[in-house]
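Working notes for the structure below.
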Amino acid sequence: MQDAFFCRGSNETVLFVQDKEDGMEHGDEWDEWSHGKTLTKPPDQLELTEAELNETFTRILTATNPHAPQNIVRYSFKKRSYKPISAVDQMAVHFVLEGNLLYKDSDEARRQMAKQGLPAVIFVVFGSACIGFTQATPGEDAAEMEEVEEEDRPDSAASKTGKKEQKLTNQINFCERASQTLNNPPRERNCQTEPPPRCNFSAIANQWEIYDAYVEELQKQEKNKEKQKAIPSKKDDEDDDRGKKKMILMETQTQSDDLCKMAKATKILERMVNQNIYGDLAIDFKYYEDCSDEFREQEGTLLPLWKFQCDKAKKLTVTALCWNKKYQDLFAAGMGSYDFSKQGRGVLVFYTLKNSSFPEYIYPTNCGIMCLDIHEQVSYLVAVGFYDGCVAVYNLKEDGQQPVYQSTAKTGKHTDPVWQVRWQNDDMDGNHNFYSVSSDGRVVSWTLVKNELVSTDIIKLTMEGVPHLSTASFDFHKQINHLFLVGTQEGKIHKCFKTYSSQYLETYDAHTLAVDAVKWNHFHPKVFISCSSDWTVKIWDHTINTPMFTFELYAAVGDVAWAPYSSTVFAAVTVNGKVHIFDLNVNKYEAICQQQVVAKKTKLTHIEFNLVHPLIIVGDDQGYITSFKLSPNLRKQPKVRQSSLSRLTDVMPMQI
Amino acid sequence: MAATGEGKKEEADYKRLHSFPLIRHTDMPEEMRVETMELCVTACEKFATNNESAAKMIKESMDKKFGSSWHVVIGEGFGFEVTHEVKNLLYMFFGGSLAVCVWKCS
């Protein structure tokens, strides 16, 4: 339906067409707002010139109807004459349309609603158009027409069924606006929880099973009763503490059993963690080679790898190092003190390269350890010499922190610190035995017989007028079993024979201070090396009593070690924190590597070569053990044709 | 006669000795285990002749105490393989001839 407003402005006629869609035509009111009001010109609009447009018309609107008759007369019976009537009806009717509004409570409306199936309560207004106006000037060509339109039409009622009581809107300037917002896209989110863990269980219940279970339980109970009886009876015999102790012991045993089940797993895990933490070190150990060695002719370098330390060994000096011959990654370190005024506890620790953060085994001792040796064949037996003169043997397979064998004053222990222990081949009865040397001047052989240590004095070192000499180190000849060297604190080295206990075969005036280490060459049967606090390292042929080589290292030498891979290579550590490595085949006068490996104040005490890997371990007086990888120049293997022996012979000075 | 007398005595002994509850297998926590065991004992003693009622009682009490879906089997001879929620299984003998299996699985 269209409402048209015809407006006659001063000079322009426009037709406003308001597109008033009713529900019937468009169904929804969606378009109503969007169309707005459009301006359309009727085709028959007058075209006026400018002058005509500017022309002014004056009109006076009055309420009198021009068509109304003014000469109506009526006969007056009172006056008995015709009289004109002044009051004339001014109203003129132009258009009449019968309305179809119904009162909704009326019968008619009800009937219609029933017909359309509408509920009676719905408010329906039937609209109509009724126009009436008073025309002031009959000649007027334009008429103002206003149509009152009802919002709801009967024919729109059907569309309203769904909507309840719609609010009546203002017809003049009502406008409805809507905007559509973006709908958020729906997303699915879900999570799944783990179901409670389940497991299966199966059993068979029958009479004999039940009976057996009860009988077993009863027997167990009886045993417990007996035990309980046994404990109080023991109490009577001995003191009360014993029984309690036993109970506690039993409890701890069962507890430790529970933990033991996890021991292996935790060990593996610990090593895995360590491998993760020190993964780069492991890779260096395996693969890194110092490339710069190719450009240096002779010199080599040491690559620091793992550093071993343990809280229990803090502030103690590393007094002994020894690799395990069977497990090449395992080594033992003895901790104690060389300072005679600071003696105290000691500790024996075993480290593996696979776990540098914590020792594999720890054995705390009451007295400082001075030396140790791991048995070559029976790699779980470790001989240890203490500062108080005791020797002991630890068995790694046994639980507990105590040694399996220990010397006592009764069994002939040394009276002075034991400076070196060394395992020997088993004797004829198949008993393990080892030698020890102490500053009381005795060299003692110890034999492990069942559960005790049996001692035999091999030699008592004497010198004219002096009852005994204090020995500091010794080493057995690699091939000739009976031959061994003893270094003394006076600086002498004696060549001795096990069987001639009364005298020495030879005495070398080796050093002016104590001989710290003396070691036979691994390859050449005649050559040995010695080092001393008098700053020198000397190499000897045992048949000649003057040294073949003398090297001055400008600091007290703590230890020397022959390399296991070449007869001409040896390493020495000095108290100023340096490691010196010599290869006589390369340079007879100077070290091919001289490297400061710890702080200058730290004294290096011991050095050992690993038997298979190009690795050395160095112990210092702070309780640290550091491992180094030898660069390629430091571990030149002898050529195949030239045996190690001949090589060393070649480099020996001719004058000898 | 003597033999039968002895047999009777033995039986009596057996009954007396074997009357205690014997937990055969369980993975319950201590507190729960004790409670469940006591409940089983109570139920079995209350319904000494009717295992079904005993089982029903145990099941219903367990459902109330420890949440739903408990299962109970009581009998003198049976075999079973069950899936149970971890820490919710108790298998015990009682009274010398009864086996009680209580487990939870939903």
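Here are the numbers for this structure:
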item	result
Flag if residue B:25 is surrounded by 14 or more Cβ atoms within 10 Å (Cβ to Cβ), within 14 Å of chain A (Cβ to nearest Cβ) and under 21 Å from residue A:218 (Cα atoms)	no
Some residue of the stretch A:511-518 being closer than 11 Å to residue A:562 by Cα and assigned by TED's automatic domain parsing to the domain that holds residue A:584	yes
Residue A:545 vs. criteria at pLDDT below 85, closer than 22 Å to residue A:628 by Cα and part of a loop (DSSP other than H, G, I, E, B)	no
Residue check for residue B:15: closer than 13 Å to residue A:210 by Cβ, surrounded by fewer than 20 Cβ atoms within 10 Å (Cβ to Cβ) and more than 10 Å from every other protein chain (Cβ to nearest Cβ)	yes
Residue in the stretch A:578-590 that is within 26 Å of residue A:437 (Cα to Cα) and either touching a helix residue (DSSP H, G or I) at 6+ places or on another chain (Cβ under 8 Å) or at pLDDT 85 or above (or both) present	no
Test: residue in the stretch B:55-63 that is part of a loop (DSSP other than H, G, I, E, B), within 14 Å of chain A (Cβ to nearest Cβ) and closer than 30 Å to residue B:12 by Cα	no
Per-region count, the stretch A:540-586, residues of a type in the set (A, V, I, L, M, F, W, C), surrounded by fewer than 23 Cβ atoms within 10 Å (Cβ to Cβ) and touching a Pro at 6+ places or on another chain (Cβ under 9 Å)	2
Condition check for residue A:606: in contact (Cβ under 8 Å) with a residue 12 or more places away in the chain and crowded, with 20+ Cβ neighbours inside 10 Å	yes
Test: residue B:30 is charged (D, E, K, R) and at the interface with chain A (Cβ under 8 Å from one of its Cβ atoms)	no
Odd one out for residue A:194, checked against (1) modelled with pLDDT under 50; (2) within 14 Å of chain B (Cβ to nearest Cβ)	(1)
Any chance residue A:612 is open to solvent by 20 Å² or more (accessible area, probe 1.4 Å) and at pLDDT below 85	no
Selection from the stretch B:68-106 of residues that are open to solvent by 30 Å² or more (accessible area, probe 1.4 Å), facing chain A (nearest Cβ under 7 Å) and closer than 14 Å to residue B:51 by Cβ	B:76, B:77, B:78, B:97
Qualifying positions in the stretch A:371-391 - of a type in the set (Ser, Thr, Tyr) and either crowded, with 16+ Cβ neighbours inside 10 Å or in contact with a helix residue (DSSP H, G or I) (Cβ under 7 Å, 6 or more places away or on another chain) (or both)	A:387
Residue among A:272, A:247 that is modelled with pLDDT of 80 or more and out of contact with any Lys or Arg (no Cβ under 8 Å at 6 or more places or on another chain)	A:272
All positions within the stretch A:286-338 that are in a strand (DSSP E or B) and more than 30 Å from residue A:636 (Cα to Cα)	A:317, A:334, A:335, A:336
Residues (surrounded by fewer than 12 Cβ atoms within 10 Å (Cβ to Cβ), part of a loop (DSSP other than H, G, I, E, B) and not acidic (Asp, Glu)) located in the stretch A:100-119	A:100, A:103, A:106, A:117, A:119
Qualifying positions in the stretch A:197-212 - among the aromatic types (Phe, Trp, Tyr), open to solvent by 100 Å² or more (accessible area, probe 1.4 Å) and at the interface with chain B (Cβ under 8 Å from one of its Cβ atoms)	A:211
Yes/no for residue B:10 being of a type outside the set (Phe, Trp, Tyr), away from every other protein chain (no Cβ under 14 Å) and surrounded by fewer than 12 Cβ atoms within 10 Å (Cβ to Cβ)	no
Flag for residue B:43 being away from chain A (no Cβ under 13 Å), outside any strand (DSSP E or B) and modelled with pLDDT under 90	no
Filtered residue count, the stretch B:28-47, keeping only those that are open to solvent by 40 Å² or more (accessible area, probe 1.4 Å), under 11 Å from residue B:58 (Cα atoms) and touching a strand residue (DSSP E or B) at 6+ places or on another chain (Cβ under 7 Å)	1
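Here is a yes/no grid of residues against (1) touching a strand residue (DSSP E or B) at 6+ places or on another chain (Cβ under 9 Å); (2) open to solvent by 10 Å² or more (accessible area, probe 1.4 Å); (3) within 23 Å of residue A:453 (Cβ to Cβ):
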{"site": "A:311", "(1), (2), (3)": "no, yes, no"}
{"site": "A:316", "(1), (2), (3)": "yes, yes, no"}
{"site": "A:332", "(1), (2), (3)": "yes, no, yes"}
{"site": "A:345", "(1), (2), (3)": "yes, yes, yes"}
{"site": "A:348", "(1), (2), (3)": "yes, no, yes"}
{"site": "A:360", "(1), (2), (3)": "yes, yes, no"}
{"site": "A:393", "(1), (2), (3)": "yes, no, yes"}
{"site": "A:405", "(1), (2), (3)": "yes, yes, yes"}
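The values are calculated or read from the model by the stated rules, or taken from the named source; none is laboratory data. For clarity, every value in this text was computed on a predicted model and none was experimentally measured. Positions of Cβ are backbone-derived with ideal geometry, glycine not excepted, and every protein chain shown enters the neighbour counts. Accessible surface is based on the protein model in full, side chains and every heavy atom, while ligands, DNA and RNA are left aside. Shrake-Rupley method; radii C 1.70, N 1.55, O 1.52, S 1.80 Å.
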